[in-house]
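Input: a single structure, listed below in structure tokens.
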Amino acid sequence: MERPAWAPRSIDISAPSVSRMYDYYLGGSHNFEVDREAARKAMEFMPGLPKIMQANRAFMRRAVRFAAAEGITQFLDIGSGIPTFGNVHEVARAAAPDARVMYVDHDPVAVAHSQAVLQGTDGAGILAADLRKPGEILNSPELLRLIDLNRPVALLLVAILHFVEDADDPYAAVTELREALAPGSMLVLTHASYDGIPLPPERAEGAVDVYQNIRNPLIMRTRDEIARFFEGYDMVEPGLVPMPRWRPDTAPEDEDPYAFSGFAGVGRTA
């Protein structure tokens with residue numbers, strides 16, 4: 001298999017990557033046949049996966065515009081993945097030209113491609129770090145050069161927490177991040193769940209098994225379990241809802257049924 005210029009030598013391009021599978025679902029070009037094969041296998045059980053990812057991205061863009069309209073100009077996007085059209089810094093800068101964005105990911109492909117995309121872009125950076133080690137993120141010189149933690153920050157945890165197993169205590173990580181943020185900060189979150197999937201759970205479990213088999217377990221949490229991540233935040237209306245129902249630009253009734261899989265929400269610290 002020929003290694004393209006954007007794929008760093010340090011990564012194994014013979015094993016599927018969650019970031020590259022996500023890129024494939026969104027119609028991107030930064031994926032390999034091994035990623036496409038795993039994604040197609042998951043889609044055999046859950047054919048609406050691309051619709052779920054599109055709804056996820058659309059919610060992220062609406063939430064970023066909302067945060068900017070509320071006066072937030074700093075964005076910390078953890079688990080940012082491979083940048084695609086309409087990414088956080090593009091949306092944030094369109095709403096607030098002085099916006100600053102720090103992307104964080106532990107996938108070498110996502111980091112390498114983000115570096116290429118952000119080259120020459122003032123006010124945006126990429127940090128190689130892991131959500132499960134929030135202290136390394138919060139104390140990194142790269143972040144502190146770009147983000148002033150004494151001012152409100154929009155913390156984006158979009159489609160990332162369902163890849164953190166309970167054994168790694170994702171609730172503690174989210175709490176540590178919240179405690180480091182200034183009053184008036186926001187949490188922007190999406191999370192996978194069996195709730196809302198227009199399939200019998202045993203059918204959807206087939207797609208979950210695909211992620212298990214590639215050693216990236218997908219943890220499907222209930223609405224109540226997802227709501228726990230917002231402890232310490234005041235929920236922004238309409239609360240924790242299916243993605244198309246969070247401050248939609250178009251009628252949710254027009255959305256594909258798969259778009260209503262899982263939950264999205266925004267919270268704000270006092």
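Here are a few things to note about the model shown:
- Judged by the mean number of other Cβ atoms found within 10 Å, the most tightly packed of the peptides 222-232, 47-57 leads the ranking 47-57, 222-232.
- Spherically averaged projected area in nm², based on the convex hull that wraps the Cα atoms of the stretch 160-266: 7.7
- Using a cutoff of 8 angstrom between alpha carbon atoms and counting only pairs six or more residues apart, the relative contact order for the stretch 65-217 works out to 22 percent.
- Kyte-Doolittle at least -0.5, axis length at least 24 Å by Cα - qualifying DSSP helices, the chain: 49-69
- Antiparallel DSSP beta bridges within the chain, as percent of all bridges there, nearest 5: 35
- Percent RCO, i.e. relative contact order, over the chain, from Cα pairs under 8 Å lying at least 6 residues apart: 20
- Each Cα pair of the stretch 16-154 feeds into the Kirkwood radius, which the Stokes-Einstein equation turns, at 20 °C and 1.002 mPa s, into a diffusion coefficient of 136 µm²/s.
- Mean accessible surface per residue for the stretch 1-133, computed with a 1.4 Å probe while every protein chain stays in place, in Å²: 43
- Stokes-Einstein D (µm²/s) once Rh is taken as the Kirkwood radius of the chain over alpha-carbon pairs, at 25 °C in 0.890 mPa s: 131
- Each peptide in 101-109, 211-219, 21-29 was scored by the mean count of other Cβ atoms within 10 Å over its residues; highest first, the order is 101-109, 21-29, 211-219.
- Contact order, relative form, for the stretch 1-128: 24 percent (alpha carbon pairs under 8 Å, 6 or more residues apart, mean separation divided by residue count).
- Of every Cα-Cα pair in the stretch 74-224, the percent that sits beyond 26 Å: 30
- Distance from the alpha carbon centroid of the stretch 158-203 to that of the stretch 222-270 works out to 12 angstrom.
- Dipole-positive endmost among LEU187, THR175, LEU218 within the stretch 155-232 (Cβ charges, Cα centre): LEU187
- Springs join every pair of Cα atoms under 10 Å in this Gaussian network model of the chain, and among SER80, SER19, SER140 the largest mean-square fluctuation is at SER140.
- By accessible area, using a 1.4 Å probe on protein heavy atoms only, the chain has 49% of its surface on carbon and sulfur.
- Local electrostatic count at LEU146 - Lys and Arg +1, Asp and Glu -1, tallied over other residues with Cβ under 15 Å: -1
The values are calculated or read from the model by the stated rules, or taken from the named source; none is laboratory data. Keep in mind it's a predicted model, so treat the numbers as computed, not measured. Quick reminder, even Gly has a Cβ in these numbers, built from the backbone with ideal geometry, and neighbours come from all protein chains shown. When the accessible area is computed, the model is the full protein with side chains, heavy atoms only, and any ligands, DNA or RNA have been set aside. Shrake-Rupley method; radii C 1.70, N 1.55, O 1.52, S 1.80 Å.
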